[in-house]
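Report on the structure given below.
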Amino acid sequence: MGTPRPRLRVFVALALPDAVRAPLGEFLARCAAAAPEQRWAPVANLHLTLRFLGWVGAEEVDRVAAALVAVRRPPFQLGLGGLGRFGTPSRPRVLWLGVAAGREPLAALADEVGARCRAAGVVGDERPYNPHLTLCRVRPGARLPALPDPVPLPPFEAVSFTLLQSRPGPGGSVYVPLHEFQLASPNSCSGDPE
């Protein structure tokens, strides 16, 4: 009998292009200067989660990856904007940036990703989908000072999504891409004869 394969903490997400990541990094640096005691997301970790799967076995990761190859959604435009909070106004837990444009195709993609994961036997997070870009996890009991206004961000085209592993570490989680999947219209991506 072989050695059991490890369990991985995984999720499916849309990455951000450099044209969005760079101004977001500058914004986060200004926020971190205003509230240095908070846990601001590293720019390299910024993403839009489609489905959080949690701790799963390596075999399940393989099944999910095989299932996600079948996702067929066309590329679509996304725009980020609007600062939001989870928690109460006086005791926020998470600060996030919302999706200002492209919510419908993003939600449709998240729904299909969820359905493919469930079909592969991995359910993951079943809460209603609430697309957001996590910027900061607020330390319990902390009060936030006034923060800079969010910077205007250019819209971008979502052309792929990624299955990622989250590796916890002393300096925070590191996200490792496991598989990338291209978005393509249903009629343009198969090798089937016409």
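The values are calculated or read from the model by the stated rules, or taken from the named source; none is laboratory data. What you see is a predicted model; the values in this text were computed from it and never measured. Reconstructed Cβ throughout: ideal geometry from the backbone, glycine too, with neighbour counts over all protein chains shown.
Tabulated results
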{"read-out": "Residue among GLY54, GLY121, GLY82 that is part of a strand (DSSP E or B) and more than 28 Å from PHE27 (Cβ to Cβ)", "value": "GLY54"}
{"read-out": "Pair list, Cβ under 8 Å, 6 or more apart: the range 80-95 residue surrounded by fewer than 13 Cβ atoms within 10 Å (Cβ to Cβ), other residue assigned to a strand (DSSP E or B)", "value": "GLY82/LEU97; GLY82/GLY98; GLY82/ALA100; GLY87/ARG93; GLY87/VAL94"}
{"read-out": "Residue that is buried (at least 19 other Cβ atoms within 10 Å of the Cβ) and within 19 Å of PHE52 (Cα to Cα), where the choices are GLY121, GLY114, GLY102, GLY98", "value": "GLY114"}
{"read-out": "Only one of ARG30, ARG63, ARG5 that is among the basic types (Lys, Arg), out of contact with any helix residue (DSSP H, G or I) (no Cβ under 6 Å at 6 or more places or on another chain) and at pLDDT below 95", "value": "ARG30"}
{"read-out": "Residue among ALA120, ALA107, ALA101 that alone is aliphatic (A, V, I, L, M) and touching a strand residue (DSSP E or B) at 6+ places or on another chain (Cβ under 7 Å)", "value": "ALA101"}
{"read-out": "Failed condition for LEU153, given (1) in a loop (DSSP other than H, G, I, E, B); (2) free of Cβ contacts under 8 Å to residues at least 24 places away in the same chain", "value": "(2)"}
{"read-out": "The lone exception for ALA22 - which of (1) part of a helix (DSSP H, G or I); (2) under 16 Å from PHE156 (Cα atoms); (3) touching a residue at least 24 places away in the same chain (Cβ under 8 Å) it fails", "value": "(3)"}
{"read-out": "When residues of the range 59-79 are limited to those that are part of a helix (DSSP H, G or I) and among the small types (Gly, Ala, Ser), the one surrounded by the fewest Cβ atoms within 10 Å (Cβ to Cβ)", "value": "ALA66"}
{"read-out": "Matching entry among PRO42, PRO36 (being farther than 22 Å from LEU163 by Cα, out of contact with any Ser or Thr (no Cβ under 6 Å at 6 or more places or on another chain) and surrounded by fewer than 19 Cβ atoms within 10 Å (Cβ to Cβ))", "value": "PRO36"}
{"read-out": "Test: residue in the range 145-167 that is charged (D, E, K, R) and crowded, with 19+ Cβ neighbours inside 10 Å", "value": "no"}
{"read-out": "Residue within the range 169-177 that is in a strand (DSSP E or B), over 28 Å from PHE27 (Cβ atoms) and not basic (Lys, Arg) present", "value": "no"}
{"read-out": "Only one of LEU95, LEU106, LEU133 that is of a type outside the set (Phe, Trp, Tyr), under 30 Å from ALA34 (Cβ atoms) and assigned to a helix (DSSP H, G or I)", "value": "LEU106"}
{"read-out": "Filtered residue count, the range 84-98, keeping only those that are closer than 18 Å to PHE156 by Cβ and either over 15 Å from the mean Cα position of the chain (by Cα) or modelled with pLDDT of 95 or more (or both)", "value": "0"}
